[in-house]
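Novice: Okay, handing you the structure first.
The values are calculated or read from the model by the stated rules, or taken from the named source; none is laboratory data. Note that this is a predicted model, so its numbers are computed, not measured. All Cβ positions, even for glycine, are placed from backbone atoms using ideal geometry, and neighbour counts span all protein chains on display. These area figures cover heavy atoms from the full protein model, side chains too; ligands, DNA and RNA do not enter into them. Shrake-Rupley method; radii C 1.70, N 1.55, O 1.52, S 1.80 Å.
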Amino acid sequence: MAKTKVIEAKNIKKKFDLGANVIEVIKGVSFDIESGEFIIIFGPSGCGKSTLLNIVSGLENVSEGSLKIRGEELANYDPNQMAKFRQSKIGIVFQSFNLLKSMTVQENVALPLLSSGGDYYKSLNRAEDLLVMFGLKDHLKNIPTELSGGQQQRVAMARALATNPWILICDEPTGNLDSKSAGEVMGIFNTLNQKSKKTIIMVTHNPDYLKYANRVIRLKDGLIDKIDKNHARVPIKDVGGFKPSEHVIGQ
Ligand code: ADP
Ligand code: MG
């Protein structure tokens, strides 16, 4: 079966105007990502990894070049289309979880559905299904800060999957976790990719995680240094409490 190109980036550049001077952070980067890939963007601090992810997720525009997501040039979206794209086609997981402390865990997961006009009860039901899948059924009514870091990141992953997005985008998702929780989070991403066929783009500077990706884009000073292919993937392992369900995450 022919694979769909989810992302086509051609000669992307990103400059920031700092008033006194302009800095070029992404200096001409091209790559394609196919549906079902697990891509890691790897490189030292400051090389432009987060900027590149923010471009792919529509949080930053490109200064030059072309970025197509499923064949659509992102720069052609009007603000309305861009908001819809970000709300429903992209799921983002950040290092710092970014959960709202004024809401329950269940409401946090339902939020992307509610803010795109979803029915209240249906949205909360879907959030519950997702949280059960992530082994958090006893924590629906907790506020996020009552949970451990590893559990909070599971909540953030459930939220990112709420709309069944085209791409999961993760910026240093294990950066704030102890090594056991970090390993579990990586195990869950591995399962989401290999079993549920989710397309994942992850930024990390931890070389231990490169083995999880099918390709690694090595970034250096705003340019692609090298793209490595991993032929042997890490086998899927059971991660405590996490039970992937096709019914909940779809394909
Ligand atoms: P990484 O995620 O690889 O650590 P970033 O993409 O966050 O790198 O940043 C790359 C460079 O771009 C850094 O020098 C950073 O200071 C600069 N930068 C990032 N965002 C902005 C911004 N909004 N304005 C000005 N400079 C920025
Ligand atoms: Mg970064």
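Novice: When segment 5-52 is examined, which residues are found to be open to solvent by less than 60 Å² (accessible area, probe 1.4 Å), of a type in the set (A, V, I, L, M, F, W, C) and more than 15 Å from ligand 2 (Cβ to nearest atom)?
Specialist: V6, I7, A9, I12, V29, F31, I33, F38, I39
Novice: For residues that are over 19 Å from the mean Cα position of the chain (by Cα) and among the polar types (S, T, N, Q), scanning just segment 86-114, find the one that is least open to solvent (accessible area, probe 1.4 Å).
Specialist: Ranking the candidates gives Q106 first.
Novice: What's the number of the condition K226 fails, among (1) open to solvent by less than 70 Å² (accessible area, probe 1.4 Å); (2) in a strand (DSSP E or B); (3) among the basic types (K, R)?
Specialist: K226 satisfies all of (1) open to solvent by less than 70 Å² (accessible area, probe 1.4 Å); (2) in a strand (DSSP E or B); (3) among the basic types (K, R) except (1).
Novice: Among all residue pairs at least 6 apart or on different chains, which show Cβ distances below 7 Å where the first residue, located in segment 92-120, is farther than 17 Å from I249 by Cα and in a helix (DSSP H, G or I) and the second is of a type outside the set (A, V, I, L, M) and open to solvent by 60 Å² or more (accessible area, probe 1.4 Å)?
Specialist: Close Cβ pairs (under 7 Å, with a partner that is of a type outside the set (A, V, I, L, M) and open to solvent by 60 Å² or more (accessible area, probe 1.4 Å)) amount to L114/Y120; S115/Q87.
Novice: Of all the strands (runs of 3 or more DSSP E) wholly in segment 1-76, which have at least 3 residues that are over 30 Å from K211 (Cβ atoms)? Let's see the steps before the verdict.
Specialist: On the way: elements: 5-17, 22-34, 38-42, 64-69.
In segment 1-76, the matching strands (runs of 3 or more DSSP E) lie at 5-17, 22-34, 64-69.
Novice: Within segment 231-251, which residues are surrounded by 12 or more Cβ atoms within 10 Å (Cβ to Cβ) and under 20 Å from the mean Cα position of the chain (by Cα)?
Specialist: Once the filter is applied, which keeps residues that are surrounded by 12 or more Cβ atoms within 10 Å (Cβ to Cβ) and under 20 Å from the mean Cα position of the chain (by Cα), segment 231-251 yields R233, V234, I236, V239, F242, K243, P244, S245, V248, I249.
Novice: So P79 fits all but one of (1) more than 30 Å from V22 (Cβ to Cβ); (2) open to solvent by 20 Å² or more (accessible area, probe 1.4 Å); (3) out of contact with any Lys or Arg (no Cβ under 9 Å at 6 or more places or on another chain); what number is the exception?
Specialist: Here P79 clears every test but (1).
Novice: I've got another one for you. Can you tell me which residues in segment 115-124 are of a type outside the set (F, W, Y), modelled with pLDDT of 95 or more and surrounded by fewer than 18 Cβ atoms within 10 Å (Cβ to Cβ)? Outline the logic, then answer.
Specialist: Going residue by residue through segment 115-124, those that are of a type outside the set (F, W, Y) are 115-119, 122-124.
Remaining after also requiring modelled with pLDDT of 95 or more: 119, 122-124.
Across segment 115-124, the qualifying residues are D119, K122.
Novice: Any chance you could count how many residues in segment 11-39 are in contact (Cβ under 8 Å) with a residue 40 or more places away in the chain and within 13 Å of ligand 1 (Cβ to nearest atom)?
Specialist: So the count comes out to 9.
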